[in-house]
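J.: Got a structure for you, questions after.
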Amino acid sequence: MKFSKTKRIITLILALVILVGAVFAIRACSAPPKYEEIEARFKELMEKSYDLNVILFGEGLPTYERVSDPRDSLKVYNTGEFYTDEDGTEHQRKFWYYTTLDEDKVIAFRDSYLKDFSYAYVTDSAEALDSVKAKFPPIEGVSAPEGSEFYSEIYNKDGKLAYLVPFVEKKVDFYYSAADPKNYDYVRNDAPYRTVDSIKTYAETLYSQNYMRSLYSSLFDGIASGGAVMNARYVEHTRSDNTVWLTQSNTYESLFSERRVYLYDTAEIIKWGSNRKFVRISIDSYLPSNPQKIEKIEVNLVLQDGVWYLDSPTF
């Protein structure tokens, strides 16, 4: 009996120890994580999120300047003159021309598709023309339009003066065509991200999947509601040559203009989830344009697959 009673006492003590341990375990699980535990990750997310915010909500990715190839607007000038070729066939003399991109005072022209373009500097001022002549010697062997009618027709103004110049046109990396979307510009080949999927992959290294997926429709699909339409920020467009390009809306208005400065020594956890998979951090910050105005910003983080991710905006 003594042994049985002693055994019961030991069992009771063990049960009490287990119960107390369980209580402490429950309290430990429900206790908020310490800021020091996530401080390094929090700083990393906040600093890296700026570049992503620029892509998604700010100026966006670098795009090609919206320039059309001037040769696409090639025009024909009929001189009213005729000439006979080697075969004895008579032709009307014509000039094909366009205004160069570099400046509207330089015209490119040629009288045959077999020839390279030549260039003429055109002006209203005899003084300006003399200045150009002083810089460049006369170009020989170029068939050029005679008289001022050709240049007057181009500029729709009489009294134009012209002089042939050894002109080199500005190099353009990319030309837009009439078939390209008007409200979207092409993202440059040297941009860090050139597909929708690559942007999504990058975004989900910083923001939670649930948060990002709540934004994907507005960012990549566009939204229509009650007759109002919000165009997507980025769209993949197939050109006439069947190449697929990432394009960026040129009507989108940036949601911020400055990089917010965060004072990390003021950061503290002000709310947390009972499962320790959510925290809200309060931190002081300011904009460089007004450093005296300190604002408290609240940022949410969630634990996803054992790693903390942003779950709210940071700009």
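The values are calculated or read from the model by the stated rules, or taken from the named source; none is laboratory data. This is a predicted model, so every value here is computed, not measured. Virtual Cβ from ideal backbone geometry, glycine too; neighbours counted across all protein chains shown. SASA here: full protein model, heavy atoms, side chains in, ligands and nucleic acids out. Shrake-Rupley method; radii C 1.70, N 1.55, O 1.52, S 1.80 Å.
J.: Please compute the length gained on full extension between residue 135 and residue 168, using 0.36 nm multiplied by the number of residues separating them and subtracting their Cα-Cα distance.
T.: Here the segment from residue 135 to residue 168 would lengthen by 10.4 nm.
J.: Oh, and also: Measuring with a 1.4 Å probe in the full set of protein chains, what accessible area per residue, in whole Å², belongs to region 261-309?
T.: Heavy-atom accessible area per residue stands at 58 Å².
J.: Taking 0.36 nm per intervening residue step and subtracting the Cα-Cα distance, what contour gain separates residue 91 from residue 201 on full extension?
T.: 33.4 nm
J.: Round to the nearest 10 and report in Å² the accessible area of residue 46, as given by a 1.4 Å probe over the protein chains' heavy atoms.
T.: Accessible surface of residue 46 is approximately 10 Å².
J.: Per 0.36 nm of contour for each residue apart, how much would the distance between residue 225 and residue 287 grow if the chain were fully extended, relative to their Cα-Cα spacing?
T.: Net length gain for the segment: 18.9 nm.
J.: Please arrange 150, 220 by accessible surface area, largest first, computed with a 1.4 Å probe and ligands excluded.
T.: Ranking 150, 220 by accessible area, largest first, yields 220, 150.
J.: Further, regarding this structure: What number, rounded to the nearest 500 deg cm²/dmol, is the helix-based mean residue ellipticity at 222 nm of the chain, given -39500 (n - 2.57) per DSSP H run of at least four residues and division by all its residues?
T.: Calculated mean residue ellipticity at 222 nm is -8500 deg cm²/dmol.
J.: Let me ask something else. Given a 1.4 Å probe and heavy atoms of the protein chains only, how would you sort 130, 69, largest accessible area at the top?
T.: Result of the area sort, largest leading: 130, 69.
J.: Here is a further query. For a quick protection proxy, order the peptides 259-268, 305-314 by their average other-Cβ count within 10 Å, most packed first.
T.: Answer by packing, highest mean first, reads 305-314, 259-268.
J.: For residue 117, project a label point 7 Å along Cα to C-beta. Then give me every residue of region 68-84 with its amide nitrogen under 20 Å of that point.
T.: Of the residues in region 68-84, 68-79 have backbone N under 20 Å from the label point off residue 117.
J.: Show me 90-97, 160-167 ranked by packing, highest mean number of other Cβ atoms within 10 Å first.
T.: 160-167, 90-97
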